[in-house]
Every structure is written in structure tokens, then in C-alpha cells.
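Peer 1: This is the structure I want to talk about, given as C-alpha cells.
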Amino acid sequence: MADDLKDRGAADRARVNVNEDHELHYWTERFGVSRQRLRAAVKKVGPMAADVQKELAGQ
């Protein structure tokens with residue numbers, strides 16, 4: 001069971017989850033953007049953190 005959680009951690013760090021308050025806080029701080037801007041980027045390019053980062057850098 002513990003191994004299952006370890007495997008999920010890497011995938012979770014690679015994805016931006018805008019449906020959890022603590023995740024929104026983490027990603028908005030990491031990227032230095034508002035919640036609205038983060039949500040718009042995820043809606044446009046999907047939840048992969050690398051794609052979101054590229055989208056936010058291009059704006």
C-alpha cells in the first residue's frame with residue numbers, strides 16, 4: 001500500500017490540480033500568478049505542470 005502512494009507522488013507533482021485549495025496555493029506561489037490565471041492556463045493547455053509553465057511564461 002505504501003508503494004502505491006510513492007508512485008502517485010511523482011505523477012501528482014507533474015500535474016496541476018486546480019480543484020484542491022492546497023494545490024492552488026502551491027502552484028500559484030510556484031508560478032507567481034493568480035488563481036484565475038492558473039485556472040485559465042490549465043483550461044487552455046491541460047494539467048501537465050511543464051505545459052502550464054510554458055503557457056504562463058508566454059503570456
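The values are calculated or read from the model by the stated rules, or taken from the named source; none is laboratory data. The shown structure was predicted, so the numbers you read here are calculated from the model rather than taken from an experiment. All Cβ positions, glycine included, derive from the backbone under ideal geometry; neighbour counts span all protein chains shown.
Peer 1: Within segment 24-38, is there a residue that is acidic (Asp, Glu) and at pLDDT 95 or above?
Peer 2: yes
Peer 1: Filtering segment 13-59 down to residues that are touching an Asp or Glu at 6+ places or on another chain (Cβ under 8 Å) and among the aliphatic types (A, V, I, L, M), which residue is surrounded by the most Cβ atoms within 10 Å (Cβ to Cβ)?
Peer 2: In this case the residue turns out to be 16.
Peer 1: Follow-up question, since we're still on this one. Looking at segment 12-29, I want the residues that are outside any loop (DSSP other than H, G, I, E, B) and have a partner that is at pLDDT below 95 and exposed (fewer than 10 other Cβ atoms within 10 Å of the Cβ) with Cβ atoms under 7 Å, at least 6 apart or on another chain. Which pairs are those?
Peer 2: none
Peer 1: Here's a follow-up. If the Cβ limit is 7 Å and pairs must be 6+ apart or interchain, which residue in segment 31-50 that is part of a loop (DSSP other than H, G, I, E, B) pairs with which residue that is not acidic (Asp, Glu)?
Peer 2: 33/56; 34/28; 47/15; 47/16; 47/17
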